[in-house]
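Below is one structure, written out as structure tokens; comments come after it.
The values are calculated or read from the model by the stated rules, or taken from the named source; none is laboratory data. These figures come from a predicted structure and were not determined experimentally. Ideal geometry is used to build each Cβ from the backbone, glycine not excepted, and the neighbour counts take in all protein chains shown. Only protein heavy atoms, including side chains, enter the accessible area calculation; ligands, DNA and RNA are left aside. Shrake-Rupley method; radii C 1.70, N 1.55, O 1.52, S 1.80 Å.
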Amino acid sequence: MNIEGPHTHTDKPHDLDDIQGKAKGTNITGPELTEDEVKVTRQQCDADRRGNGKQGMKGESGQRGLVGMKGASGHCPPRHILQATWRALNSNHFEGPLLSTIFVKEFFGTALRLTWSGDLRLKANSEDVPACRRWYFTFNGNECVNPHPIDAQLYTETQMYLDNIHRHTTIDGMCQGLFNGRVLIELNIGPCRLTQQLGFSEGYPFTGWDTTTSLIVEEIHLITNKLGEDN
């Protein structure tokens, strides 16, 4: 037997004893290790102790999970829309309300969208003064301020005072900040904003000549409370 005596414990780390045991020939047979081999082997042992060994092979994929339960059906609330129509309105008023309707608004934080469609005309009443007229909507007697009024203007030059051209027109816009409940919506006609500064005449306006005039009102839930930015 190639044993010189019992293996004695030293003050070196246990893993290093095992490594150097080969060099001493205490109870392990085999070729002697060089100092570099001992150092490398010790580093590997320390790495294994810290859990920093080499990454193992990728494991097999697990079984596919069970199919989940079917979710509840989605719910889309019905749209809150009103349509009012007037057959052959034929209004030659040059100032004041032209038509009106009542809309019952359900929520405070919603906006009202108005889409008006009808026939408009404006003639100048002289060769010397151009005419300008404005059609605008009011809500319970007041124009929209959030974000802006909903309106349209027609302007006619003096050289066209003999022309009698009727044009189909659409006025569309949203108004926010209106209280819920009954809202009186009116289409009005009046002077243009620059009438006093530029001296426009009222001319000869006409609204809804021999055609159907329609107003569609819809209550809309907005994603944001800001309708737009001023330019």
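Just one residue in the set G228, G173, G208, G203 is at pLDDT below 95 and buried (at least 18 other Cβ atoms within 10 Å of the Cβ); that residue is G203. Checked against (1) modelled with pLDDT of 95 or more; (2) hydrophobic (A, V, I, L, M, F, W, C); (3) open to solvent by 40 Å² or more (accessible area, probe 1.4 Å), V183 meets all criteria but (3).
Sort out for me the strands (runs of 3 or more DSSP E) sitting completely within the stretch 115-231 that have 3 or more residues that are within 20 Å of Q83 (Cβ to Cβ). Before the answer, list the steps.
Details: elements: 131-139, 151-156, 167-176, 181-191, 204-207, 212-220.
The strands (runs of 3 or more DSSP E) meeting that bar are 131-139, 167-176, 181-191, 212-220.
To keep it simple, each residue is scored yes or no on (1) open to solvent by 60 Å² or more (accessible area, probe 1.4 Å); (2) small (G, A, S); (3) within 30 Å of W209 (Cα to Cα); (4) at pLDDT 70 or above.
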{"position": "H7", "(1), (2), (3), (4)": "yes, no, no, no"}
{"position": "K12", "(1), (2), (3), (4)": "yes, no, no, no"}
{"position": "L16", "(1), (2), (3), (4)": "no, no, no, no"}
{"position": "P31", "(1), (2), (3), (4)": "yes, no, no, no"}
{"position": "V40", "(1), (2), (3), (4)": "yes, no, no, no"}
{"position": "S73", "(1), (2), (3), (4)": "yes, yes, no, yes"}
{"position": "L89", "(1), (2), (3), (4)": "no, no, yes, yes"}
{"position": "F94", "(1), (2), (3), (4)": "yes, no, yes, yes"}
{"position": "F108", "(1), (2), (3), (4)": "yes, no, no, yes"}
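For the stretch 131-148, check the following and say yes or no: at least one residue is under 12 Å from G203 (Cα atoms), without any contact (Cβ under 8 Å) to a residue 40 or more places away in the chain and not small (G, A, S). Within the stretch 131-148 (the criterion being under 12 Å from G203 (Cα atoms), without any contact (Cβ under 8 Å) to a residue 40 or more places away in the chain and not small (G, A, S)), the answer is no, since none of the residues qualifies. Taken over the stretch 146-163, the residue count meeting the criterion of being open to solvent by 70 Å² or more (accessible area, probe 1.4 Å), at pLDDT 90 or above and closer than 21 Å to L198 by Cβ is 2.
Residues in the stretch 125-145 that are modelled with pLDDT of 95 or more and either on the phi > 0 side of the Ramachandran plot or surrounded by fewer than 16 Cβ atoms within 10 Å (Cβ to Cβ) (or both): N140, G141, N142, E143, V145. Out of S126, S100, S117, one residue alone is in contact with a Leu (Cβ under 7 Å, 6 or more places away or on another chain) and touching a residue at least 40 places away in the same chain (Cβ under 8 Å). It is S100.
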